[in-house]
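The values are calculated or read from the model by the stated rules, or taken from the named source; none is laboratory data. In this text the structure is predicted, and so the values were computed from the model without any measurement. Backbone-built Cβ (ideal geometry, glycine too); neighbour counts: all protein chains shown.
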Amino acid sequence: MLTAATVSGATARFLIFQQTWQEAAEPGPPVQSLKMNPVDAVLFDYGMVLSGPPDPAAWQRIRTITGLEETPLHREYWAHRHDYDRGALTGEAFWHKAAAGAGIALTPQQVAELLEADTDLWSQINRPMLDWAQRLQRAGIRTGILSNIGDAMTDGLIKKYDWLNAFHHRTWSYALKLAKPELEIYKAAVEGLATPPANILFIDDRAENVAAAQAAGMQAIQYTTHAAFEREMQKRGLGNLLLIGNEAAVSRAAADE
């Protein structure tokens, strides 16, 4: 694992922030049997699947707005994040609680700026995954989002990205007062997609969320890189799903046969 001792400057500070995700992305549970049921719907996590890594420039804006050093900001940001994602805290309450834990107070203007910067933090798009999701949608395959996310973040992303409205169903954790890996939130996503869980493929970057999806009866893949994801899809006999709507790739595959 990288630490601040192995890097320098802003890179070191931001890597400390990212460690929460790096630690969660360790190898997960054994994959399911390679004999899979047909996939009739694909359910995506948002953060680190449809979106890319956190934006370092947005994190620096958060530091500038709060005036906090890396250690107390990182501590308080993550200490209250699950409550925010689960709907126990609103976006405004989250930032006030984080500020209080760090020994500062925020003005209404600062809170508004922090909500905007926090949305931007998670707004870098994972283009290959989004492109694939949109090809699935054009082909008539049902798609959904199941994300641990707070109210203000959801509102900000919906205003920012029209393409979110194209998903057949979106399960936002805060709205249900639930969060992954609680099984009830997977059941809600299954109901929203109106598809048997065995015919849903769920993609998430966290091992515990993948394991919970499997416990709920879904097919599931832990996402690390897009290349690794595509290899796992091929291993499971789902490679044809990757080719949907990609005529160039279909032609290459036919030429290789």
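Yes or no, residue by residue, for (1) modelled with pLDDT of 95 or more; (2) more than 17 Å from Tyr77 (Cβ to Cβ); (3) out of contact with any Leu (no Cβ under 9 Å at 6 or more places or on another chain):
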| site | (1), (2), (3) |
| --- | --- |
| Asp120 | yes, no, yes |
| Met129 | yes, yes, no |
| Leu136 | yes, yes, no |
| Ala139 | yes, yes, yes |
| Leu146 | yes, yes, no |
| Gly150 | yes, no, no |
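Taking Leu43, is it assigned by TED's automatic domain parsing to the domain that holds Ile203, part of a helix (DSSP H, G or I), over 15 Å from Ala152 (Cα atoms) and at pLDDT 95 or above? So Leu43 fails the test. None of Gln110, Gln137 is crowded, with 16+ Cβ neighbours inside 10 Å, part of a helix (DSSP H, G or I) and assigned by TED's automatic domain parsing to the domain that holds Lys159 except Gln137. Scanning region 40-55 for residues that are among the hydroxyl-bearing types (Ser, Thr, Tyr) and more than 14 Å from the chain's Cα centre (by Cα) yields no hits at all. Please note which helices (runs of 4 or more DSSP H) are completely contained in region 56-106 and include at least 3 residues that are over 24 Å from the mean Cα position of the chain (by Cα). Helices (runs of 4 or more DSSP H) meeting the threshold: 56-66, 91-101. Yes or no: Ile158 within 22 Å of Ile125 (Cβ to Cβ) and either outside any helix (DSSP H, G or I) or in the same structural domain as Ala117 (by TED's automatic domain parsing) (or both)? So Ile158 fails the test. Taking (1) surrounded by fewer than 19 Cβ atoms within 10 Å (Cβ to Cβ); (2) touching a Leu at 6+ places or on another chain (Cβ under 9 Å); (3) hydrophobic (A, V, I, L, M, F, W, C) in turn, Trp95 satisfies each apart from (1).
Condition check for Thr143 on (1) assigned by TED's automatic domain parsing to the domain that holds Gln234; (2) of a type in the set (S, T, N, Q); (3) over 23 Å from Asp162 (Cβ atoms): one failure, at (3). Set side by side, the residues Glu191, Glu182 differ, and just one is closer than 16 Å to Tyr84 by Cα and modelled with pLDDT of 95 or more, which is Glu182.
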